[in-house]
Amino acid sequence: MHRAKPDPVFGPRIAAPKQSCPGGWDDWRWQYAHRITDPSALSAFARLPENSRAETAQVISRYPCSITPYYLSLARIEDPQDPILKQVVPDRRELEDEQAAAEDPLQEEHHTAVPGLVHRYADRALVLLTNRCAVHCRHCTRKRLWRLGPRDLTREEFRRVLRYLQEHPEIRDVLLSGGDPLVLPDSRLDEILRGIRQIRHVEIIRIGSRVPVVLPQRITPGLCRILERHGPLWLNTQFNHPREITAQAEEACERLLRAGVPVNNQSVLLKGINDDGETLKALCTGLLRIRVRPYYLHQCDPVRGVRHFRTPLDRGLGILAAMQGRVSGLAIPRYMVDLPGRLGKVPLAPQSLMSLDGRRAVLRTPSGEIVEYENPPD
């Protein structure tokens, strides 16, 4: 398995921050402090052509850039179509659909009950703890939040969140997201989890984080002790390409599993990155090997600035249909479309039931054969 490590050329080109972190490459704080965020650094590392640098700077002025050295080290820098680079390097096409798409198509702001808490479903609440991330994924649903500058939920705002949760006993499931909640310090995460755990009707706490993929050094023994203390917890992450399954990512997921935190994967179907059967098959079977469940394959949301990532629905359906019968059912995620407003997620699936007439059903097999099946009487 590939183990990402400092490159002899890449490493020295990272300027030290004002307050250097002693741990170096394997310290998550060092990785976070050395994120590539400005156009000149990005041009040096990603080898952008001279004529595209001004365009890149223009995109960054609207949708800021953030890439950890670790994640950039997974890229094949010489390949402009590299699936790692395409997820994180700003693209002029992000500015092309400025008026054609909504910034908040899921209407999260409309369903914000108190600052930081989105109550879109009756029994679930989404808590946005921060707008900070280790890496800014260019296909992000919440990229509208980046230009606000780094901001974490204040303690007073979190007290209001807790009060709202206490006053709504129908909420049994809380999803902590952002941004990425795992960029917060251990002490703050401990405080947040303790506060939510004291609300008796909240049965499930989920954490949405891409840290195991883009900053696996963050999954420290200390963090895992905190997560274990406040269990049961679930962690949903986002591996989008098999090259992201490195030795470090596997180790991070293994630590979470040993702490009693199941890890589910929610990929996004992305044009030119993972929208072909072989890539998704390699991704999903690779995830199973490290005991991460391929849970969802999301259709890319119709967010402003991501149109160039979106694929036709029939492509996702075709990929999943091709996977059926070729891999274990455990390796096949559910294909999901998140509808605007309060309409929620809708699963899409290849059609296998052709017709149902009394005692006779007609089914299509994964290989395309049409067969009859007896429909039992009621």
Qualifying positions in region 17-50 - more than 26 Å from the chain's Cα centre (by Cα) and either over 27 Å from Pro80 (Cα atoms) or modelled with pLDDT of 90 or more (or both): Pro17, Lys18, Gln19, Ser20, Cys21, Pro22, Gly23
Hey, Gly260 surrounded by fewer than 18 Cβ atoms within 10 Å (Cβ to Cβ) and under 29 Å from Leu363 (Cα atoms) or not: no
Verdict on Asp190 being closer than 29 Å to Tyr71 by Cβ and outside any loop (DSSP other than H, G, I, E, B): yes
From the options Asp186, Asp173, residue that is touching a Gly at 6+ places or on another chain (Cβ under 7 Å), without any contact (Cβ under 8 Å) to a residue 60 or more places away in the chain and surrounded by fewer than 16 Cβ atoms within 10 Å (Cβ to Cβ): Asp186
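Could we say that Thr365 is surrounded by 13 or more Cβ atoms within 10 Å (Cβ to Cβ), touching a residue at least 24 places away in the same chain (Cβ under 8 Å) and of a type in the set (S, T, N, Q) here?
Working: surrounded by 13 or more Cβ atoms within 10 Å (Cβ to Cβ): no; touching a residue at least 24 places away in the same chain (Cβ under 8 Å): yes; of a type in the set (S, T, N, Q): yes.
Against the criterion (surrounded by 13 or more Cβ atoms within 10 Å (Cβ to Cβ), touching a residue at least 24 places away in the same chain (Cβ under 8 Å) and of a type in the set (S, T, N, Q)), Thr365 does not qualify.
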Close pairs from region 227-244: first touching a residue at least 24 places away in the same chain (Cβ under 8 Å) and under 30 Å from Asp82 (Cα atoms), partner hydroxyl-bearing (Ser, Thr, Tyr) and assigned to a helix (DSSP H, G or I), Cβ under 8 Å, at least 6 apart: His241/Thr279; Pro242/Thr279
Unique match (being surrounded by fewer than 16 Cβ atoms within 10 Å (Cβ to Cβ), at pLDDT 95 or above and not aliphatic (A, V, I, L, M)) among Arg326, Arg293, Arg289, Arg310: Arg289
Wholly enclosed strands (runs of 3 or more DSSP E) of region 92-133 bearing at least 1 residues among the charged types (D, E, K, R) and assigned by TED's automatic domain parsing to the domain that holds Leu193: 117-121, 124-128
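The values are calculated or read from the model by the stated rules, or taken from the named source; none is laboratory data. Computed from a predicted structure; not experimentally measured. All Cβ positions, glycine included, derive from the backbone under ideal geometry; neighbour counts span all protein chains shown.
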